[in-house]
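The values are calculated or read from the model by the stated rules, or taken from the named source; none is laboratory data. This structure is a prediction, so every number in the text was calculated from the model and none was measured. Here the Cβ positions follow ideal geometry from the backbone for every residue, glycine too, while neighbour counts run over all protein chains shown. Remember, those area values only see protein heavy atoms, side chains included, never the ligands or the DNA or RNA. Shrake-Rupley method; radii C 1.70, N 1.55, O 1.52, S 1.80 Å.
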Amino acid sequence: MIRVLNRAPVKAAAAAKPKRLVKDVPTIQSMVPTRQLHSSYDVALVGGGIVGLATARELILRHPMLSFVLLEKEKELSVHQSGHNSGVIHSGIYYTPGSLKARLCVRGATLAYEYCEKKGLPYKRCGKLIVAVEQEEIPRLKALYERGLQNNVRDLSIVDAKGIREREPYCRGIMALDSPYTGIVDWRMVALQYGTDFKEAGGTVVTEYEVNDISMATESPAGSTEGMKYPIALRDKQGNEIRCRYVLTCGGLYSDRLSQISGCSREPRIVPFRGDYLVLKPEKHYLVKGNIYPVPDPRFPFLGVHFTPRMDGSIWLGPNAVLAFKREGYKVYDFNARDLADALSFRGLQKLVLKNMMYGIGEMYRGVFIGAQVKILQKYIPELSLSDVLRGPAGVRAQALDRDGNLVDDFVFDGGVGDVASRVLHVRNAPSPAATSSLAIGEMIADEVESRFTL
């Protein structure tokens, strides 16, 4: 059943002590069908995650006279990557100076804090320590500091072992990079607020509409007097059809398959990696005040385990990074034959595995035997013990890979082929930290849409 959603913010209370009081926080349960689905729109956006919603919001605010529809295959918005992440507002330390990721993250963090203040969404600027526990990590830590300064990250400083204990009394390390501008927020709450902004500006949100065909229409809709004003047809598996002038897809875990629908290459390919978290028992929450991260090891493709406080008061530890057997598989035994076959048959993944064989085995081992993961965490908080943790939630990351096994670390845009090419734009990759950068990414994608399409 297709559901058409309209504006409907409701009152909600924050579980943690917020930076500000919560005003009208949107929940998807409050969004109910209020009118019949129109068949034609100027712009259709596919994908109701945080990037799609931020972009929809930005476009409709720029072009209030146009009609917009956002299509989401699930019953609710932002239930996948946007609703299964660490909840960190990153400050922009890690990224190559001058790169698009660096600029978008730094600007995105500023916009995120401003947006939460304006909308009354709760957040905490609890800070982050990137901690060196071995002498060999200190040169990399100092290089990160220089990189952060070049990226104009706010209020960065290097602290010694005493400074670490002053900020995190139970953390031990030789030296650390202190980033007080790093914070935490419920990114799904933020994404839903983007959706509320979009609807209040006149946009339409349609859930339970899984697009499986994007093509040029061959005739005008029955009963239409507008001819071929809306030449692109979007169809779902039930045969429902929506017409539009232009299409933008922000498909996340399915971005490669959405692109293929309109004739694009499947590459870069999306390979799902699941990250399993541990949670600290409530009686041990005193061990952690803010975010505690390791110094990244450039030999390995992922960041490593860390300590992350949450807005609900819980503390997550991890995650690991293992191949998910299903693109939206949040449990160890979740399985989809097509998803797994796609991943294992892709030469890019095979090369990535060969280059990181021992690292991958270690990640799988730590996923099964949580004592091994606790042992790594004890390097930072020695007082932590196996009895202090429980298995927690998981998230799935849409990792774009090229055929040589390289992680695609930048944004990728693609059009269709043939007649649809001039009217379709696919966001093939929006790399981490996409949530932090979401408002800045929305601006960038809107600029790209305006440069390609005559709105």
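In the stretch 184-194, what residues are within 15 Å of S437 (Cα to Cα) and open to solvent by less than 20 Å² (accessible area, probe 1.4 Å)? Lay out the reasoning, then the answer.
So in the stretch 184-194, the residues within 15 Å of S437 (Cα to Cα) come out as 184-188, 190-191, 194.
Within the stretch 184-194, I184, V185, W187, V190, A191, Y194 qualify.
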Inset, instruction - Quick one: which residue in Y170, Y115, Y181 is open to solvent by 10 Å² or more (accessible area, probe 1.4 Å), closer than 30 Å to T55 by Cα and not in a helix (DSSP H, G or I)? - result: Y181
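Looking only at the stretch 118-131, count every residue that is open to solvent by 30 Å² or more (accessible area, probe 1.4 Å) and either under 12 Å from W187 (Cα atoms) or in a helix (DSSP H, G or I) (or both) and tell me the total. Let's see the steps before the verdict.
Start the filter on the stretch 118-131 by keeping residues that are open to solvent by 30 Å² or more (accessible area, probe 1.4 Å), which leaves 118-119, 124-126.
Filter again for either under 12 Å from W187 (Cα atoms) or in a helix (DSSP H, G or I) (or both), leaving 118-119.
Adding up the residues that qualify gives 2.
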Legend entry - Odd one out for T308 among (1) assigned to a loop (DSSP other than H, G, I, E, B); (2) closer than 20 Å to Q378 by Cβ; (3) in contact with a Phe, Trp or Tyr (Cβ under 7 Å, 6 or more places away or on another chain); (4) not hydrophobic (A, V, I, L, M, F, W, C): (1)
Legend entry - Restricting the stretch 42-84 to residues that are among the β-branched types (V, I, T) and within 19 Å of the chain's Cα centre (by Cα), the residue that is most open to solvent (accessible area, probe 1.4 Å): V79
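Across the stretch 250-301, what is the total count of residues that are in a loop (DSSP other than H, G, I, E, B) and either touching a strand residue (DSSP E or B) at 6+ places or on another chain (Cβ under 7 Å) or open to solvent by less than 30 Å² (accessible area, probe 1.4 Å) (or both)?
To start, the set of residues in the stretch 250-301 that are in a loop (DSSP other than H, G, I, E, B) comprises 250-251, 262-268, 281, 288-290, 295-301.
Now restrict to residues that are either touching a strand residue (DSSP E or B) at 6+ places or on another chain (Cβ under 7 Å) or open to solvent by less than 30 Å² (accessible area, probe 1.4 Å) (or both): 250-251, 262, 264, 268, 281, 288, 290, 295, 301.
Selection size over the stretch 250-301: 10.
Does the stretch 52-78 hold any residues that are touching a residue at least 40 places away in the same chain (Cβ under 8 Å) and part of a loop (DSSP other than H, G, I, E, B), and which are they? So that I can check it myself, show each step before the final result.
Taking the stretch 52-78 first, the residues touching a residue at least 40 places away in the same chain (Cβ under 8 Å) are 52-64, 66-78.
Across the stretch 52-78, the qualifying residues are H63, P64, L66, S67, E72, K73, E74, K75, E76, L77, S78.
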Inset, instruction - Quick one: A394 ticks every box in (1) in contact with a helix residue (DSSP H, G or I) (Cβ under 8 Å, 6 or more places away or on another chain); (2) buried (at least 20 other Cβ atoms within 10 Å of the Cβ); (3) not in a helix (DSSP H, G or I) except a single one, so which number is it? - result: (1)
Legend entry - Residues located in the stretch 85-98, provided they are open to solvent by 30 Å² or more (accessible area, probe 1.4 Å) and of a type in the set (G, A, S): G98
Inset, instruction - Answer yes or no as to whether Q81 is in the same structural domain as K199 (by the TED database) and closer than 29 Å to L384 by Cβ. - result: yes
Inset, instruction - With the checklist (1) farther than 26 Å from I361 by Cβ; (2) buried (at least 19 other Cβ atoms within 10 Å of the Cβ) in hand, flag the one item V305 doesn't pass. - result: (1)
Inset, instruction - Sort through L317, L352, L344 and tell me the only one that's of a type in the set (A, V, I, L, M, F, W, C), farther than 30 Å from R125 by Cβ and open to solvent by less than 40 Å² (accessible area, probe 1.4 Å). - result: L352
Inset, instruction - Return a yes/no flag: does the stretch 404-420 have any residue that is assigned to a helix (DSSP H, G or I), open to solvent by 30 Å² or more (accessible area, probe 1.4 Å), at pLDDT below 95 and not assigned by the TED database to the domain that holds G275. - result: yes
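Report, by residue number, each residue of the stretch 153-166 that is in contact with a Pro (Cβ under 9 Å, 6 or more places away or on another chain) and either small (G, A, S) or at positive phi (or both).
Going through the stretch 153-166, the residues in contact with a Pro (Cβ under 9 Å, 6 or more places away or on another chain) turn out to be 154-157.
Result: D155, S157.
With respect to R310, is the statement that it is open to solvent by less than 30 Å² (accessible area, probe 1.4 Å), within 22 Å of the chain's Cα centre (by Cα) and of a type in the set (K, R) true?
On the way: open to solvent by less than 30 Å² (accessible area, probe 1.4 Å): no; within 22 Å of the chain's Cα centre (by Cα): yes; of a type in the set (K, R): yes.
The answer is no for R310.
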Legend entry - Selection within the stretch 267-325 - of a type in the set (F, W, Y) and either without any contact (Cβ under 8 Å) to a residue 60 or more places away in the chain or within 22 Å of Q399 (Cβ to Cβ) (or both): F273, Y277, Y293, F300, F302, W316, F325
